[in-house]
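Shown next, in structure tokens, is the structure this report addresses.
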Amino acid sequence: MKPPITVSVTGAAGQIGYALLFRIATGEIFGKDQPVRLRLIEIEPALPALLGVVMELDDSAFPLLNSIITTTDLDEGFTGASWALLVGSVPRKAGMERGDLLGINGKIFTSQGKAIARNAAKDVRVLVVGNPCNTNALIAMRNAAGVPEDRFFAMTRLDENRAKSQLASKAGVHASDVTNLCIWGNHSATQYPDFTNAKIEGKPVTEVIRDEEWLRGEFITTVQQRGAAIIKARGASSAASAANAALDTMKALISPTPDGDWHSVAVCSDGSYGIEPGLIASMPIRTKADGTWEVVQGLPIDAFSQEKIDATIAELKEEREAVKDLLS
Ligand code: NAD
Ligand code: LMR
């Protein structure tokens with residue numbers, strides 16, 4: 001057995017937390033020889049519910065679950081964290097855009113960024129799920145002095161999985177047959193699921209799906225609006241699929257990306273593809289054998305794609321402007 005790894009999770013008593021914690025505790029992410037310490041962070045009113053979750057974790061008798069701490073104190077919560085999963089925040093309701101949450105949720109990420117910088121392990125990686133996740137990640141990063149910028153991520157894997165599922169269904173194949181799917185930009189209604197560089201069973205999507213009108217229209221809007229469609233249907237935002245995507249993101253950032261493929265996650269831009277450096281934007285990412293990542297370079301971007309990418313990056317700049325007082 002390896003020494004335990006510490007995973008801190010905010011909003012651990014919420015919907016996503018409930019779908020996430022048990023799968024982390026099974027060893028699905030870090031392997032069957034890797035014990036896990038959970039540090040579960042909540043706000044005071046949610047502590048009774050969190051204690052119920054802890055009872056259930058205890059009752060699962062997971063062999064790899066080394067210890068569980070529950071706390072409202074951020075310093076205690078992020079102590080020794082190698083992964084900080086920032087889920088805790090308010091979800092949107094029907095009729096809202098995710099960006100409407102900035103005023104409520106943005107400030108949460110200032111103190112969390114600072115506490116991560118003070119307490120987390122040297123190898124900490126921060127995955128922001130709470131919406132609007134790109135700009136919340138920007139706030140956390142800019143408040144976490146001393147933590148390298150390449151450790152901050154915002155989740156667009158759910159969008160990638162949704163896009164793969166839509167393409168697979170149209171082509172009559174399984175979602176696992178769809179590769180090279182990049183979500184560009186913001187986890188919002190402006191995101192761009194890039195079908196022009198994606199592949200189905202190794203062939204360009206546009207050779208397999210001849211319906212260009214569908215690809216440029218309904219496909220994109222379905223992916224962009226999928227979160228809203230789930231809220232309308234369920235009366236609550238996606239949770240199990242969101243937790244699944246968070247786990248997919250962690251796995252994708254831990255394991256080398258298969259040759260020729262890439263995965264989607266929002267990272268701190270280095271200026272690749274003309275995206276302004278410092279914005280947290282989703283782009284095609286490859287994880288290297290040493291566990292670091294790089295932006296896949298040289299993908300052809302046609303005029304249609306460029307227009308879509310420009311629109312989602314413009315929205316990220318607007319969100320950054322709206323929270324400028326929270327950026328150190
Ligand atoms: P939820 O309301 O069920 O749970 C949120 C939890 O966060 C609650 O238990 C609440 O007490 C806690 N919380 C609130 N403020 C906190 C703080 N300052 N510190 C610690 N905990 C805090 O919501 P949910 O369904 O679990 O969703 C959580 C967030 O994830 C929402 O913002 C939602 O929009 C977002 N989300 C993102 C994606 C994505 O793809 N990026 C997908 C689904 C949901
Ligand atoms: C999603 O994409 O399902 C989440 O971001 C929740 C939402 O508000 O749509």
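Where a number appears in this text, it was derived from the coordinates with a stated rule and is not lab data. All values reported here derive from a predicted model rather than from experimental measurement. Please note: Cβ atoms are built from the backbone with ideal geometry, for glycine as well, and neighbour counts cover all protein chains shown.
Quick notes on this one:
- Residues being over 23 Å from A117 (Cβ atoms) and of a type in the set (K, R) - total across region 307-328: 2
- Among the residues of region 214-232, not one is buried (at least 16 other Cβ atoms within 10 Å of the Cβ), free of Cβ contacts under 8 Å to residues at least 40 places away in the same chain, more than 10 Å from ligand 2 (Cβ to nearest atom) and within 30 Å of A19 (Cα to Cα).
- Summed over region 226-273, residues that are of a type in the set (S, T, Y) and farther than 19 Å from S176 by Cβ total 5.
- For region 144-203, taking the residues that are among the aliphatic types (A, V, I, L, M) and out of contact with any strand residue (DSSP E or B) (no Cβ under 8 Å at 6 or more places or on another chain), the one that is nearest to R216 (Cα to Cα) is identified as A189.
- Per-region count, region 279-313, residues within 20 Å of the chain's Cα centre (by Cα), touching a residue at least 24 places away in the same chain (Cβ under 8 Å) and surrounded by 11 or more Cβ atoms within 10 Å (Cβ to Cβ): 16
- Filtered residue count, region 225-266, keeping only those that are part of a helix (DSSP H, G or I), in contact with a Ser or Thr (Cβ under 7 Å, 6 or more places away or on another chain) and away from ligand 1 (no atom under 11 Å from the Cβ): 2
- Every test in (1) among the charged types (D, E, K, R); (2) assigned to a helix (DSSP H, G or I); (3) free of Cβ contacts under 8 Å to residues at least 60 places away in the same chain is passed by R142 save one, and that test is (3).
- Set D159, D123: member being away from ligand 1 (no atom under 13 Å from the Cβ) and of a type in the set (D, E): D123
- All helices (runs of 4 or more DSSP H) inside region 56-120 with 2 or more residues being among the β-branched types (V, I, T) and within 11 Å of ligand 1 (Cβ to nearest atom): 108-119
Listed here are the residues, each with its yes/no results for (1) small (G, A, S); (2) under 23 Å from M96 (Cβ atoms); (3) more than 16 Å from ligand 2 (Cβ to nearest atom); (4) in contact with a Lys or Arg (Cβ under 7 Å, 6 or more places away or on another chain).
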site: E212; (1), (2), (3), (4): no, no, yes, no
site: R234; (1), (2), (3), (4): no, yes, no, no
site: A245; (1), (2), (3), (4): yes, yes, no, yes
site: V265; (1), (2), (3), (4): no, no, no, yes
site: S269; (1), (2), (3), (4): yes, no, yes, no
site: P284; (1), (2), (3), (4): no, no, yes, no
site: Q297; (1), (2), (3), (4): no, no, yes, no
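- With respect to the conditions (1) under 22 Å from E149 (Cβ atoms); (2) in a helix (DSSP H, G or I), D310 lacks only one, and its number is (1).
Here is a yes/no grid of residues against (1) of a type outside the set (A, V, I, L, M); (2) within 30 Å of Y18 (Cα to Cα):
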{"position": "N244", "(1), (2)": "yes, yes"}
{"position": "D248", "(1), (2)": "yes, yes"}
{"position": "K251", "(1), (2)": "yes, yes"}
{"position": "A266", "(1), (2)": "no, yes"}
{"position": "D270", "(1), (2)": "yes, no"}
{"position": "I275", "(1), (2)": "no, no"}
{"position": "K288", "(1), (2)": "yes, no"}
{"position": "G291", "(1), (2)": "yes, yes"}
{"position": "V295", "(1), (2)": "no, no"}
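- Flag if S272 is within 24 Å of Q306 (Cβ to Cβ), in contact with a strand residue (DSSP E or B) (Cβ under 8 Å, 6 or more places away or on another chain), within 16 Å of ligand 1 (Cβ to nearest atom) and of a type outside the set (D, E): no
- Filter result for I301 (under 25 Å from I200 (Cα atoms) and either in a helix (DSSP H, G or I) or in contact with a His (Cβ under 6 Å, 6 or more places away or on another chain) (or both)): no
- Residue match in region 267-285 (condition: under 19 Å from G31 (Cβ atoms), of a type in the set (G, A, S) and assigned to a loop (DSSP other than H, G, I, E, B)): no
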